[in-house]
Amino acid sequence: MKYEILEIYEEDHGCEGLMPGEELMDMVYARDASGQERWLRIPDRIGQNLNPGDTIEYDA
């Protein structure tokens, strides 16, 4: 599904860091083609180059 990025929140893991094998994730607030808005949790490797206003194809 195609989404327009509205806001991006990068999680802060503090001093605990990530658990072994855990992938760094970002929370992305996005709008789909029907106008529905929702938070998506996407891998940082995908989200690191996104900015508000960008569009992304993502199967949530």
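Listed values [x] 9.9, 26; [y] 10.9, 33; [z] 12.3, 40 include one computed from this model; for Rg and Dmax of the Cα atoms in Å that value carries the label [z].
Extension gain, LYS2 to SER34, is 10.5 nm, computed as 0.36 nm per intervening residue step minus the present C-alpha separation. Looking at the chain, the accessible area is 71 square angstrom per residue; that uses a 1.4 Å probe and ignores ligands, DNA and RNA. A 1.4 Å probe, protein heavy atoms only, puts the accessible area of GLU10 near 110 Å². For the set LEU40, LEU6, the ranking by accessible area, highest first and with no ligand, DNA or RNA atoms included, is LEU6, LEU40 under a 1.4 Å probe. Taking all protein chains together and rolling a 1.4 Å probe, ARG31 ends up with roughly 80 Å² accessible. Note on exposure: LEU50, LEU24 ranked by accessible area (1.4 Å probe, complete protein assembly) read LEU24, LEU50, with the most exposed listed first.
Residue ranking by accessible heavy-atom surface, 1.4 Å probe, largest first, among MET25, MET1 comes out as MET1, MET25.
The values are calculated or read from the model by the stated rules, or taken from the named source; none is laboratory data. Predicted model, so just to flag it, every value in this text is computed and none were measured. We work out accessible area using only protein heavy atoms, side chains counted, and drop any ligands, DNA or RNA first. Shrake-Rupley method; radii C 1.70, N 1.55, O 1.52, S 1.80 Å.
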